[in-house]
Amino acid sequence: MATILVTGGAGYIGSHTVIELANAGYDPVIFDNFCNSKPAVLARINKICGKNIPFVCGDIRSREQLEQAFNNYKIDGVINFAGLKAVGESVKKPLEYYDNNVNGARVLLDVMKEHKCYNFIFSSSATVYGEPDSVPLTEESPVKRANCPYGQTKVDIEYMCQELQKAVPEFSMVLLRYFNPVGAHKSGLIGEDPRGIPNNLMPYLTQVAVGRLPYLNIFGNDYPTPDGTCVRDYIHVVDLAKGHVAALNHCLNMPGTHIYNLGTGVGYSVLDMVKAFSKAIGRELPYRFAPRRAGDVVQCYSDATKAKKELGWSATLSLDDMTADSYNWQKNNPNGYED
Ligand code: NAD
Ligand code: UD1
């Protein structure tokens, strides 16, 4: 079976994807510089997989470190999760984001081209759709200029992949636009481990649930939605990981640019999430309404039919699975990964 280099494979989505790749018979090789993850995750991944998954410590901006991976393993394809992802931080440090994300992807693609490795899967985001003109979002919905450097790096990398594919038609470029990944592996051994106070809803909820934070601030309750809070398409990270396997199965050695939304097709409000979480923990989760957060879109959820039709993939895990598994991870690891 094919050997897949998973850059950013020690991170939240990458670690779950490595497991699903191994389950499906692929040979993943993890490549990460731990700038937003911890080495402790590797032993957990090995424990879940029941075998040692090869690891190369490196930065995707370093041609030499990438060469080390390409020379030591016969890489058939690359899934690139390596990127910085904090919206607020990207506004303060735009050059770091363009360097790490866009320049990193550029170096990685160049090394792949040199090694005649033409299968690339990129972690894009629904953020490329900006404030949607209408929902649900299909892959044909317009891509817009992003309102923060993080989002713009996703738009720029998507364009870079498409331009390279035109110039080097052997490339199979898969652009996967994730909606809102949440949840954790059933084992409770791996999950999302943000640094500092979480920016995103689900890790914030889990930290309130275990008492690390006193209550959730709900950013805005006067939006034009049924309950006044914003609506998103939350998808279980294990479903998302399986979406990568389905994309590989379908697109490996299939030249062209292939774009898929990875979402459930269902939108839930912030209050829906609080209710679901309260159910998972068996008590009311404390929250307060707070002002709107700058840059938030009102509603964002996918039309998930293209991935179902072409990849034979659709999300199967429910909102109850997402909340229960997030809580299970946080409960078992109240301080995340401890080295
Ligand atoms: P994460 O921070 O948990 O994982 C990213 C991993 O990449 C980390 O292990 C980090 O150490 C590594 N990394 C970063 N820069 C690197 C570099 N230059 N060289 C080598 N390794 C590097 O994030 P995640 O949530 O798993 O997200 C993975 C990808 O998916 C990111 O590109 C992110 O932008 C994208 N994405 C995430 C979400 C989300 O909500 N989590 C949504 C849409 C898209
Ligand atoms: C955010 C980013 C997006 C990025 C994605 C994954 C912004 C504006 N958008 O998406 O670019 O791709 O994360 O990293 O930051 N919420 C609260 N209280 C909280 C946290 C969140 O009410 O403490 C609300 C938000 O207002 C939003 C919803 O929960 O309505 C989901 O927020 P979040 O988890 O941050 O995801 P996005 O905003 O969709």
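Filtered by the rule that a residue be of a type outside the set (Ser, Thr, Tyr), closer than 28 Å to LEU5 by Cβ and either in contact with a helix residue (DSSP H, G or I) (Cβ under 6 Å, 6 or more places away or on another chain) or at pLDDT below 95 (or both), the range 123-160 gives VAL128, GLU139, VAL143, ALA146, PRO149, GLY151, LYS154, VAL155, ASP156, ILE157. Going by what's in this entry, would ALA82 be described as within 15 Å of ASN33 (Cβ to Cβ) and buried (at least 18 other Cβ atoms within 10 Å of the Cβ)? For ALA82, the condition - within 15 Å of ASN33 (Cβ to Cβ) and buried (at least 18 other Cβ atoms within 10 Å of the Cβ) - is met. Checking the structure you have, find out if any residue of the range 275-298 is within 27 Å of VAL6 (Cα to Cα) and not in a loop (DSSP other than H, G, I, E, B). So far as the range 275-298 goes, no, none of its residues is within 27 Å of VAL6 (Cα to Cα) and not in a loop (DSSP other than H, G, I, E, B).
With respect to being under 25 Å from ASN249 (Cα atoms), buried (at least 19 other Cβ atoms within 10 Å of the Cβ) and either of a type in the set (D, E, K, R) or in contact with a Cys (Cβ under 7 Å, 6 or more places away or on another chain) (or both), GLU158 fits the description. Here the condition is being in contact with a Ser or Thr (Cβ under 7 Å, 6 or more places away or on another chain) and within 29 Å of SER134 (Cα to Cα); of ASP321, ASP296, ASP303, it holds for ASP303 alone. Of the residues making up the range 98-151, those that are under 30 Å from GLY58 (Cβ atoms) and not basic (Lys, Arg) number 33. Looking across the range 75-125, just one residue is assigned to a loop (DSSP other than H, G, I, E, B), in contact with a Pro (Cβ under 9 Å, 6 or more places away or on another chain) and within 24 Å of PRO255 (Cα to Cα), and that is TYR118. Just one of (1) part of a loop (DSSP other than H, G, I, E, B); (2) out of contact with any Ser or Thr (no Cβ under 7 Å at 6 or more places or on another chain) fails for PRO132. It is (2).
Residue-by-condition table, conditions (1) more than 20 Å from the chain's Cα centre (by Cα); (2) surrounded by fewer than 20 Cβ atoms within 10 Å (Cβ to Cβ):
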| residue | (1), (2) |
| --- | --- |
| ALA43 | yes, yes |
| ASN72 | yes, yes |
| ILE75 | yes, no |
| VAL78 | no, no |
| GLY88 | no, yes |
| TYR98 | no, yes |
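Just one of the listed residues (VAL274, VAL231, VAL297) is closer than 18 Å to THR206 by Cβ and aliphatic (A, V, I, L, M), and it is VAL274.
As a summary of the residue check, GLN65 satisfies the conditions (1) within 20 Å of ASP193 (Cα to Cα); (2) within 9 Å of ligand 1 (Cβ to nearest atom) except for the one numbered (1). Filtering ALA294, ALA241, ALA276, ALA280 for residues that are aliphatic (A, V, I, L, M), at pLDDT below 95 and closer than 24 Å to TYR327 by Cα leaves a single hit, ALA280.
The residues of the range 88-141 that are over 22 Å from ASN72 (Cβ atoms), more than 14 Å from ligand 1 (Cβ to nearest atom) and in contact with a strand residue (DSSP E or B) (Cβ under 8 Å, 6 or more places away or on another chain), listed by number, are PRO132, VAL135, PRO136, THR138, GLU139.
Residues checked against (1) touching a Lys or Arg at 6+ places or on another chain (Cβ under 6 Å); (2) within 27 Å of VAL155 (Cβ to Cβ); (3) away from ligand 2 (no atom under 16 Å from the Cβ):
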| residue | (1), (2), (3) |
| --- | --- |
| GLY25 | no, no, yes |
| PRO39 | no, no, yes |
| ARG44 | no, no, yes |
| PHE55 | no, no, yes |
| LEU66 | no, yes, yes |
| LEU84 | no, yes, no |
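The values are calculated or read from the model by the stated rules, or taken from the named source; none is laboratory data. A quick note: this is a predicted structure, and the numbers were derived from the prediction, not measured. Methodologically, a virtual Cβ is constructed for each residue, glycine included, from the backbone with ideal geometry; neighbour enumeration extends over all protein chains shown.
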